[in-house]
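Novice: Before anything else, here's the structure in question.
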Amino acid sequence: MSDRAPEPATRAGADAYRPQEIEPRWQAAWDAEGLYRVDLEDASRPKHYFLTMFPYPSGNLHVGHWYAETPADAAARYLRMKGANVFFPMGFDAFGLPAENAAIKAAREGGDVHPASLTRERIAFMTSQFKRMGAMFDWSRTLATCEPDYYRWNQWLFVRMFERGLAYRKESYVNWDPVDQTVLANEQVVDGRGERSGALVERRLMPQWHFKITDYAEELLDFSGLDWPERVKTMQTNWIGRSQGAEVTFRAEGDGDGGEAIEVFTTRPDTLWGATFMVLAPEHPLVERLTTPDQRDEVQRYVEQAGRMSEIDRQSETREKSGVFTGAYAVNPVNGARVPIWIADYVLVTYGSGAIMAVPAHDERDFAFARRFGLEVVPVVQPPGSDLTDGSEMDEAYTGDGVMINSGPFDGTPTGKGEGAGDGIARVIAWLEERNLGRRKVTYRLRDWLISRQRYWGTPIPMLFCDACGVVPEREENLPVLLPEDVAFMPTGESPLKHHERFLNASCPSCGGPARRETDTMDTFMDSSWYWFRYLDPGKDDGAVDRRLAARWTPVDTYTGGIEHAILHLLYSRFFTKAMRDMGLIDEDEPFVRLRNQGMILGEDGEKMSKRRGNVVDPDELVARYGADAVRAYLMFIGPWDQGGPWNSQGIEGVVRFLNRVWTLHTEDAEPGDAGEQRVAELRRAAHTCVAEVSEDFEAFRFNTAIAELMTLQNAMSKLKNAGLVAHPSWSEATSLMIRLLAPIAPHLAEELWHRAGNARSVHLESWPEVDASALVETTIDMVVQVNGKVRGRVTVPADADETTVLEAAKADPNVVRWLENGTLRREIVVPGKLVNLVIG
RNA sequence: GCCGGGAUGGCGGAACGGUAGACGCAGUAGACUCAAAAUCUACCGGGGAGACCCGUGCGGGUUCGAAUCCCGCUCCCGGCACCA
């Protein structure tokens, strides 16, 4: 391959660093020799599947893409030099709202834009931009989710899910625009109104497809064996929201004995005796039946008003509690108390049973509600050291542990869950179960995944409605159900599939009779919930996943992407992996072993980059001006990767200067002379310290300090260069180390310097340098001497000096001597190699 | 309101409980230049002539020693489904 490598522009001498000339030349050479094409069958090295989240083809790579991809590329390159066979693919998450919106906008303005051609053009353009990053993506295996050979397998997987009962249809609320007669995404609802029509958006129930992610709630709480950031695990755990408690049945009064059963869930069954009222969610199915005639108008008004509010509005403000009385009463099953039934929007129909028992004395929200509407407050838990018995004296709810009071047979029982803390909760549950009044229950906050979208630009859900057979999945051999491209977009945004006769009319896969196709498409999170399996063999046409390659290459070893995906995408991917395992398609439990998230890159003003603010940084311009290596290195240098931060157009100049100095260091001649043992040791120490530090930093994804260490080495080498060292073997050793350390960060510059140094083979085929521990050894060390924790002197001692010697030296320092005269020496602390602290008093 | 994260020089940021400010940007002075740019050298938290004193959002605490650990706040960023 070396004979195809281009000849460096100049052999020696001081020609300038010209990234614009070097970079395209090496990119072409790497491409020509297939340097980054991975042999998935190569078992001679350990495999490493390094995946970064694929982008939506928005039209242009912005600097945020560079921030996500180039440090990931550096990490992948590091692993490759460490000896792994690294698979680092890239593709496009190509379905989605923006392309469809462009088509709808064009339809309104009399133009003609199709999401398919628009998306394909954008993918082609962004791919060409990607190639200028100098990343080692393996473009021989790429994919776009909008292509039939990909979404066919979305459909195939959907049918498998349906067959297993993991995909099902039920009614769910959508945002309904009554003017445009269409469903809106949350982001299309602004201040409760349709973005386009301005109409007040209604919440409307519609039958829609869901995935049963809740079946996996318990397993999804288990992160063992995963090297994920704590904050992501915490966020997912809180999102799943496991609550342990009891389900208790209350009965509405009336209609002879019994009346309507109203199930409630509570985590505090020990407070049951303090339940003085009940609250139903406005959407609760029993609301209409329970409401008494005199309250009907008021209740109806409240329900309508709650229905008009978007979920975001319902919880965004810190509003005063609102609610309305139904006129009905229920009986508290534990003490027979008559409790009024209210309706309030702070109770959600989607959580628990959509109804609660309200214990105002021991729940903050119930307390606020009771005070607002003058409802009874009965304390049933006495805080330790208190003689509380009267609810009217309470200023706030008491939610802690204590001793049960006003609780019939349980008076005097300590509440709490810990061992020895009392077991009020467990004893009450046992008591309820004995009397068949309630039962132990675990509830999750997690809801099933609503996968239906009333949109065009997505994977058609491969289901049919037959008058004779009902809901029927399309036959496997008829997949894919093609998304028709000859469609007319509606100015209202309504899905054109609803009016596409050839698409709509089909024959029933079961009876052959006439059937109508489902016009809903899939949530695009479906596309990204299994795509890493597909990269292994994107063209495979006899199955979704190549099982043999999957067994060898998955799970993904390292996954990187934005923190904004901490919950949904990552949770759906974990669910899908488990579901695919249970369908017998793969053998692993988790998709991503190691996860690292980058923060967000902000505009120069510290705000999110947006066209409106005019603070968008264009990477193409930067590359033209400074070169890809400089952009890469600056993005890595800007700060900790997981924190993100503002772009600084002056900051990149510093990195450009650094790369220039590196260039000069390695290309300019210097006078050879007598090196001297001490200088050689100094050079070798600097070089090997840098190897140690940069290696450690790469392991920890600390790119900013890795570059700082390289800058330090550059400074040291530039100083030593003219001291006659250039002809010494340690100089070429240091040079070789430095170029290899730089290779993951600035791959083009490193390659050019590597070849100029006389190497024929690519630096990217070299192995990562090893630290020579003997180069790090020092004969003397400087130690700090503190008196009472404040630095009062410094001493130089032999590296192997024992404690006594160190203390002697410390106490001999003239300034320290002065300080010691101010008191009696009480204590001597020696931190080997670091400092001495002399405590006087 | 809840969940997660954060706060260190003029700026981006460094710092296994052990010399706060590595590395860089900006700035100041000098060298080179007719001059400028580029490059190179030195300085660069505040106060003080100095010994020193002050200093990591605020208030406490633990420790020989705290940016770092604990308790209580303030403000900022991100997410959210008032989660019973």
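The values are calculated or read from the model by the stated rules, or taken from the named source; none is laboratory data. Remember, predicted model here, so these are calculated numbers, not experimental data. Every residue, glycine as well, gets a Cβ built from its backbone with ideal geometry; the counts of neighbours run over all protein chains shown. Note: accessible area is taken over every heavy atom of the protein model, side chains too, but ligands, DNA and RNA are not part of it. Shrake-Rupley method; radii C 1.70, N 1.55, O 1.52, S 1.80 Å.
Novice: Describe numerically, in nm with one decimal, the distance between label points set 7 Å from Cα along Cα→Cβ at A:Arg296 and at A:Trp139.
Specialist: 7.0 nm
Novice: Order A:Leu659, A:Leu482 by their accessible area, 1.4 angstrom probe, all chains in place, largest first. Walk me through the numbers on the way to the answer.
Specialist: Working: A:Leu659 0, A:Leu482 100 Å².
Listed by decreasing accessible area, they come as A:Leu482, A:Leu659.
Novice: Taking a spot 7 Å from the Cα of A:Ser510 along the direction of its beta carbon, which residues of segment A:153-167 have an amide N less than 13 Å from it?
Specialist: A:163
Novice: Quick one: accessible surface of A:Thr705, probe radius 1.4 Å, all protein chains present, in square angstrom to the nearest 10.
Specialist: Only protein atoms counted, so the area is about 50 Å².
Novice: Taking the 0 to 90 degree range and rounding to the nearest ten, how far is the long axis of helix A:729-742 tilted relative to the main principal axis of chain A, both from C-alpha atoms?
Specialist: So the helix axis and the longest Cα principal axis differ by about 20 degrees.
Novice: Further question: For helix A:747-756, what angle does its Cα long axis make with the longest principal axis of chain A, in degrees from 0 to 90 and rounded to 10?
Specialist: 20 degrees
Novice: Restricting things to Cα coordinates, could you compute the convex hull volume per residue of chain A in Å³? Kindly include the intermediate steps, with their values, before the conclusion.
Specialist: Numbers: hull volume 203.1 nm³, N = 841.
About 242 Å³ per residue, rounded to a whole number.
Novice: Now, a different point. Ordering A:Leu585, A:Leu725 by accessible area with a probe of 1.4 Å, largest first, what comes out? List each step's numbers first, then the result.
Specialist: Values: A:Leu585 35, A:Leu725 0 Å².
Of A:Leu585, A:Leu725, the descending order of accessible area is A:Leu585, A:Leu725.
Novice: Local charge sum around A:Phe265 (other residues, Cβ-Cβ under 12 Å, Lys/Arg +1, Asp/Glu -1)? Could the numbers behind the result be given before it?
Specialist: Working: positive: A:Arg268, A:Arg439, A:Arg440, A:Lys441, A:Arg445; negative: A:Glu247, A:Glu263.
Taking every other residue near A:Phe265 into account, the sum is +3.
Novice: To the nearest 10 degrees, how steep is helix A:424-434 against the longest Cα principal axis of chain A, on a 0 to 90 scale?
Specialist: Helix A:424-434 sits roughly 40 degrees off the main axis of chain A.
Novice: I've got another one for you. Could you list the trypsin sites (Lys or Arg not before Pro) in segment A:750-803 that lie in coil according to DSSP, counting only those with at most 14 other Cβ atoms within 10 Å of their Cβ? Write out the running numbers ahead of the final one.
Specialist: Working: sites: A:Arg756, A:Arg761, A:Lys790, A:Arg792, A:Arg794; in loops: A:Arg761.
Answer in residue order: A:Arg761.
Novice: I would also like to ask the following. Using r as the Cβ-Cβ distance of A:Gln20 and A:Arg45, and R0 as 35 Å, what FRET efficiency do you calculate, to the nearest 0.05?
Specialist: On the way: r = 35 Å, r/R0 = 0.99.
My answer for the efficiency is 0.50.
Novice: What FRET efficiency would be calculated for the residue pair A:Leu765, A:Arg169, taking the C-beta separation as r and a Förster radius of 56 Å, to the nearest 0.05? Walk me through the numbers on the way to the answer.
Specialist: Working: r = 54 Å, r/R0 = 0.97.
Plugging the Cβ-Cβ distance into 1/(1 + (r/R0)^6) gives 0.55.
Novice: Next question. Magnitude of the Cβ-charge dipole of chain A, K/R +1 and D/E -1, about the Cα centre, nearest 20 debye?
Specialist: Working: 93 positive and 126 negative charges, 139 e Å.
That gives a dipole near 660 debye.
Novice: With an 8 Å Cα cut-off and a minimum separation of 6 or more residues, compute the relative contact order for segment A:579-679 in percent. Kindly include the intermediate steps, with their values, before the conclusion.
Specialist: Numbers: 71 pairs, mean separation 27.2, N = 101.
Rounded, it is 27 percent for segment A:579-679.
Novice: For A:Tyr626, A:Tyr168, A:Tyr351, write out the residues from largest to smallest accessible area, computed with a 1.4 angstrom probe and no ligands counted.
Specialist: Working: A:Tyr626 25, A:Tyr168 55, A:Tyr351 80 Å².
Of A:Tyr626, A:Tyr168, A:Tyr351, the descending order of accessible area is A:Tyr351, A:Tyr168, A:Tyr626.
Novice: Same structure, new question: Note down the accessible area of A:Ser44, probe 1.4 Å, to the nearest 10 Å².
Specialist: The accessible area of A:Ser44 comes to roughly 100 Å².
Novice: Under 20 Å from a point 7 Å along the Cα-to-Cβ line of A:Glu696: which residues of segment A:75-89 have their amide N that close?
Specialist: Answer for segment A:75-89: A:75, A:78-79, A:82.
Novice: Could you compute how much accessible surface A:Cys466 exposes when probed at 1.4 Å, giving the result in Å² to the nearest 10?
Specialist: That residue has around 10 Å² of solvent-accessible surface.
Novice: Now a separate question. Between A:Thr824 and A:Ser322, what is the spin-label point distance in nm, taking each point 7 Å from the Cα along the Cα→C-beta axis?
Specialist: Calculated label separation equals 7.5 nm.
Novice: Quick check: pseudo-label points 7 Å beyond the Cα along Cα→Cβ at A:Glu219 and A:Ala727, how many nm apart are they?
Specialist: 7.0 nm
Novice: Add -39500 (n - 2.57) for each DSSP H run of 4 or more in chain A, then divide by its residues: what number comes out at 222 nm, to the nearest 500 deg cm²/dmol? Walk me through the numbers before you get to the answer.
Specialist: Working: 26 runs with 290 residues, N = 841.
Here the helix-only value at 222 nm equals -10500 deg cm²/dmol.
Novice: Mean separation of Cα pairs under 8 Å and 6+ residues apart, divided by the residue count of chain A: what relative contact order is that in percent? Write down the numbers at each step before the final one.
Specialist: Numbers: 1505 pairs, mean separation 119.2, N = 841.
Value for chain A: 14 percent.
Novice: Have a look at segment A:664-770 and give its Rg and Dmax from the Cα atoms, expressed in angstrom.
Specialist: Spelled out, the Cα radius of gyration and Dmax of segment A:664-770 are 13.4, 40 Å.
Novice: Now a separate question. Between A:Glu778 and A:Asp674, what FRET efficiency follows from the Cβ-Cβ distance if R0 is 25 Å, with the result rounded to 0.05? Display every interim value, and only then the final one.
Specialist: Numbers: r = 23 Å, r/R0 = 0.92.
That pair, A:Glu778 with A:Asp674, gives E of 0.65.
Novice: Also, I was wondering about something else. What length, rounded to one decimal in nm, is gained on full extension from A:Thr237 through to A:Glu263, with 0.36 nm per residue of separation minus their alpha-carbon distance? Numbers along the way, then the final one.
Specialist: Numbers: separation 26, 0.36 × 26 = 9.36 nm, distance 2.58 nm.
Full-extension gain reported as 6.8 nm.
Novice: Also: With both partners inside chain A, how many of the DSSP beta bridges are antiparallel, as a percent to the nearest 5?
Specialist: Details: 73 of 96 bridges.
That works out to approximately 75 percent antiparallel.
Novice: While we're looking at this one, here's another question. Net charge around A:Leu749, counting only other residues with Cβ within less than 11 Å of its Cβ (Lys, Arg = +1; Asp, Glu = -1)? Spell out each step's value before the answer.
Specialist: On the way: positive: A:Arg18, A:Arg632, A:Arg756; negative: A:Glu23, A:Asp629, A:Glu751, A:Glu752.
Cβ neighbours under 11 Å give a net charge of -1.
Novice: Another one. What's the local net charge at A:Asp557, with K and R +1, D and E -1, over the other residues with C-beta under 14 Å away?
Specialist: Numbers: positive: A:Arg45, A:Lys47, A:Arg80, A:Lys82, A:Arg552, A:Arg594, A:Arg596; negative: A:Asp227, A:Glu588, A:Glu590, A:Glu699.
Counting the neighbours of A:Asp557, the net charge comes to +3.
Novice: Roughly how many whole Å is it from the C-alpha centroid of segment A:543-594 to that of segment A:84-105?
Specialist: When both Cα centres are located, 19 Å separates them.
Novice: What full-extension length gain, to one decimal in nm, is calculated for A:Arg338 and A:Asn788 as 0.36 nm per residue of separation minus the Cα-Cα distance?
Specialist: Values: separation 450, 0.36 × 450 = 162.00 nm, distance 6.98 nm.
Using 0.36 nm per residue and subtracting the Cα-Cα distance, I get 155.0 nm.
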